[in-house]
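The values are calculated or read from the model by the stated rules, or taken from the named source; none is laboratory data. Note that the coordinates shown come from a computational prediction; the quantities given were computed from them, not determined experimentally. Cβ placement follows ideal geometry from the backbone for every residue including glycine, while neighbour counts extend to all protein chains displayed. With ligands, DNA and RNA removed, areas are computed over all heavy atoms of the protein, side chains included. Shrake-Rupley method; radii C 1.70, N 1.55, O 1.52, S 1.80 Å.
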Amino acid sequence: MCGIVGYLGKKQACPILLNGLKRLEYRGYDSSGVALINGGLEIHKCKGKVSDLEAMIGKKNVVANMGIGHTRWATHGEANDPNAHPHTSNNGKLVIVHNGIIENSDSLKKLLLTKNYTFTSETDTEVLINFIEFVKKEEKVSLDQAVRIALNEVVGAYAIAVISLDDPELIVVARLGSPLVLGLGNNEFFIGSDATPFLDLTKKVIYLEDGEIAIISKNGISIRTIESDLPVDAVIHKLQMDLDSIEKGGYDHFMLKEIFEQPTSISNTISGRLNIKNCEVRISGLDEISDNLISADRIIIIGCGTSWHAGIVGEYLIEDLGRVPVEVEYASEFRYRNPIISSKDVVIAISQSGETADTLAAIKMAKSSGACVFGICNVAGSSIARESHAGAFTHAGPEIGVASTKAFTAQVTVLVMIALYLGRKKENLSEKRFREVAQELKMIPAKITSMLNLDPKIKTIAKLLDKATNALFLGRGFNFPVALEGALKLKEISYIHAEGYPAAEMKHGPIALIDENMPVIILAPGGGLYEKLLSNIQEVKARKGKVISITGCDQTEVKEFSDAVIEIPETIECLTPLLTTIPLQLLSYHVAVQRDCNVDQPRNLAKAVTVE
Ligand code: F6R
């Protein structure tokens, strides 16, 4: 993970770098640092948040027009000052920031030790910058050539930015497997792991591709391939994002803002894509692979974490409405387990960030086996969006809070539309049913708006959980994956151990855990399995567990047996996940706030998991 930034131009670099790092903190926040050149080399770095770095730099007059910076999510070595980036080479002249993992750093380090190199950190990054220095000295080449030659010996993933005291008007950047975006201003250049660091400074960007190196100087940017040193024609894109979309807008936390944005984000996901009159889903990416989809033997959905949960909802939807067999896999398992994949498979890869290393690698593997890959991503220009044969953006807007909320409901919304598309194309879904689901989908944003009014009530219910050490989330059918998602939300931001289970599985083990200290959150929104869920609630009550039910307005029996009830508006069963998810997000949020946890930046986590 980690976030990297850079600046070269006429302005003061330090505030631009610090501001950029704050926007990238969702990628890691163990430590941070900046390196600036102006005559000499100035490095400031420390353990902790970017605000700690900012306080450390304080009122020091750091004058420089170029520099690089980093916010870290620890991989090699604990989060402390020596391991914080930037790292400097032994001659004190070369400096690097790095996002990724150098897998052969041990062997490179052994080589460097024989050449009397010394190391002050435990990081793979310090090995890399010394290896670049070694190559530069041995081969007697320029900085960019030294970086390129060194990277040809590297195994692993990286996005790097390198500067040198000897070339004070040059930044060399390169990427393989970790994202890197270059911003083009007026005689000034920006570098970021994504475009947010310079969103207010330029809208013109170049997405560096895997295997490319860029040499940034005051005269412009030249891009070449790392392997063969061949020139690459850069494509300049125009950013659509604006600054408001990445700020808190009066909310205490990004997570809360993003929960409340869901009526808008889901409307944006649907916008222009549903033609109810003609019973059509208009997603150009689906049309591009329409033949593959129609003739597919099966669909394999891959993703990680919350995106994997959305994938399970997708499995239920696509099998129900589209009648196509679906398998859902953790991308991390899929890529390493020698699965049987053929050109008759369509793989749907789901990722908010579009940068998750395991999902990206699984896509590459599926493609090499001949499968057609459809990406569902939130971030335009991301690696997964570009690696897929076709895709659909979720249009949820930037998600900054580390716990995924609006991205999940947007992913599920896209999956509903894919299920509808398949149902009609394969003639498995009647026009009547299409219209029923599509019309109801369009009503979901308004129903979520009405549910958000329950926030004060949910805040009170959260008190039932704030002293708990464990919690159980139960759901069935379409709401089984929502139970998994509810448990994940609670554990990641409030550090309460939580498990999600299909409700019927409770009696096969988890029931042993239930006593008066165990809160059980039960998703019973009505529908075919309602009676069975009612029995589950009674089973929990019989063992003195505390029941919080998420249920429909008409389900009076549930209310009788529950310690707390949150009602959702009426909808059709297959769309209930889009509603039942909302109170679970709010519940986790309030529990975390009541426990004084860092909601937007939970410990040990990062927003984009660009390492295995
Ligand atoms: C949980 C969460 C993670 C991500 C997972 C995949 O709230 O955010 O579990 O869902 O790391 O990330 P993406 O969707 O970016 O591939």
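Of everything in the range 75-94 that is among the aliphatic types (A, V, I, L, M) and part of a loop (DSSP other than H, G, I, E, B), the residue that is nearest to Pro602 (Cα to Cα) is Ala79. Scanning the range 458-487 for residues that are farther than 19 Å from Leu575 by Cα and either of a type in the set (D, E, K, R) or in the same structural domain as Cys304 (by TED's automatic domain parsing) (or both) yields Lys459, Lys463, Asp466, Lys467. Within the group Glu492, Glu505, which residue is in the same structural domain as Gly552 (by TED's automatic domain parsing) and within 16 Å of the ligand (Cβ to nearest atom)? Matching residue, one of Glu492, Glu505: Glu492.
Here Ala419 does not fit the description of being among the aliphatic types (A, V, I, L, M), modelled with pLDDT under 95 and farther than 23 Å from Arg603 by Cα. Pairing residues of the range 308-327 that are free of Cβ contacts under 8 Å to residues at least 12 places away in the same chain with residues that are more than 16 Å from the ligand (Cβ to nearest atom), at Cβ distances under 9 Å and at least 6 apart in sequence or on separate chains, gives Glu319/Pro325; Glu319/Val326; Glu319/Ala419.
Residues in the range 223-255 that are loosely packed, with under 14 Cβ neighbours inside 10 Å and touching an Asp or Glu at 6+ places or on another chain (Cβ under 8 Å): Leu243 only.
Residues that are under 22 Å from Asp320 (Cβ atoms) and open to solvent by 30 Å² or more (accessible area, probe 1.4 Å) within the range 463-483 comprise Arg476, Phe480, listed in sequence order. Just checking, does the range 106-124 include any residue being surrounded by 16 or more Cβ atoms within 10 Å (Cβ to Cβ), basic (Lys, Arg), in contact (Cβ under 8 Å) with a residue 12 or more places away in the chain and part of a strand (DSSP E or B)? The answer is no, given that none of the residues of the range 106-124 is surrounded by 16 or more Cβ atoms within 10 Å (Cβ to Cβ), basic (Lys, Arg), in contact (Cβ under 8 Å) with a residue 12 or more places away in the chain and part of a strand (DSSP E or B). Applying the selection to the range 565-588, what residues are in contact with a Lys or Arg (Cβ under 8 Å, 6 or more places away or on another chain) and open to solvent by 10 Å² or more (accessible area, probe 1.4 Å)? Correct list: Val565, Pro569, Thr571.
Here the range 593-612 is the region considered, the condition is being of a type outside the set (D, E, K, R) and within 12 Å of the ligand (Cβ to nearest atom), and the residue that is farthest from His98 (Cα to Cα) is Val599.
A quick yes/no check of all residues on (1) crowded, with 23+ Cβ neighbours inside 10 Å; (2) in contact with a Ser or Thr (Cβ under 7 Å, 6 or more places away or on another chain):
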residue: Ala419; (1), (2): yes, no
residue: Glu440; (1), (2): no, yes
residue: Pro445; (1), (2): no, yes
residue: Glu485; (1), (2): yes, yes
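Checked against the criterion of being closer than 24 Å to Ala410 by Cβ, within 15 Å of the ligand (Cβ to nearest atom) and assigned to a strand (DSSP E or B), the candidates Ala487, Ala498 yield just one match: Ala498.
One residue is enough: does the range 363-374 have a residue meeting the conditions open to solvent by 20 Å² or more (accessible area, probe 1.4 Å), touching a residue at least 24 places away in the same chain (Cβ under 8 Å) and over 24 Å from Arg175 (Cβ atoms)? Checked against the condition, which is being open to solvent by 20 Å² or more (accessible area, probe 1.4 Å), touching a residue at least 24 places away in the same chain (Cβ under 8 Å) and over 24 Å from Arg175 (Cβ atoms), the range 363-374 yields at least one hit.
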